[in-house]
Amino acid sequence: MSEETQTDQEVADEWADALEEQATEEGTEEDPWAAALEEQAEVEASAEQKADPAPVTQLNDESKPKPDVDMNMVLDIPVTISMEIGRTKINIRNLLQLSQGSVVELDRLAGEPMDVLVNDTLIAHGEVVVVNDKFGIRMTDVISADERVKKLR
């Protein structure tokens, strides 16, 4: 038991020394909470003194910082792609009269390129091809990303 008593006494002495040391340090150092509150008051005072905020400058698209985009997030999103050979407007009376063998005149000329649409947004022009007895489309002109964005606005 004498060993335990000595150990307890030593621990108590160490605590007493640490508390004394802390008391001396607190007397010489500034209170961190007081310093933080004082700094906050200074910031708030300087903010109140500013009557006119700095003018906001508008940045053009090239100067805006571009976030790092993880393209893997969008690669699995399904989209609808369609090829359009032409359009026309027709009234319901004529639509109901259509039957097998009827011809509907479109707004495009023969040989004109088809429109390639993704989710109803034009992305390219192309021509019809046949590969292994299946229809396909060969892209002849792809719309640039800038032009696509302009059409969305």
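Laboratory data are not the source of any read-out in this text; all were calculated from the coordinates shown. None of the values given here were measured: they were computed from a predicted structure. Cβ placement follows ideal geometry from the backbone for every residue including glycine, while neighbour counts extend to all protein chains displayed.
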Within the range 87-125, the residues that are in contact (Cβ under 8 Å) with a residue 12 or more places away in the chain, among the β-branched types (Val, Ile, Thr) and in a loop (DSSP other than H, G, I, E, B) are Thr88, Ile90, Val104
Across (1) surrounded by 10 or more Cβ atoms within 10 Å (Cβ to Cβ); (2) out of contact with any strand residue (DSSP E or B) (no Cβ under 6 Å at 6 or more places or on another chain), Ser102 clears everything bar (1)
Taking the range 108-153 and keeping only residues that are among the acidic types (Asp, Glu) and either over 14 Å from Ile85 (Cβ atoms) or surrounded by fewer than 10 Cβ atoms within 10 Å (Cβ to Cβ) (or both), one is left with Asp120, Asp133, Asp141, Asp146, Glu147
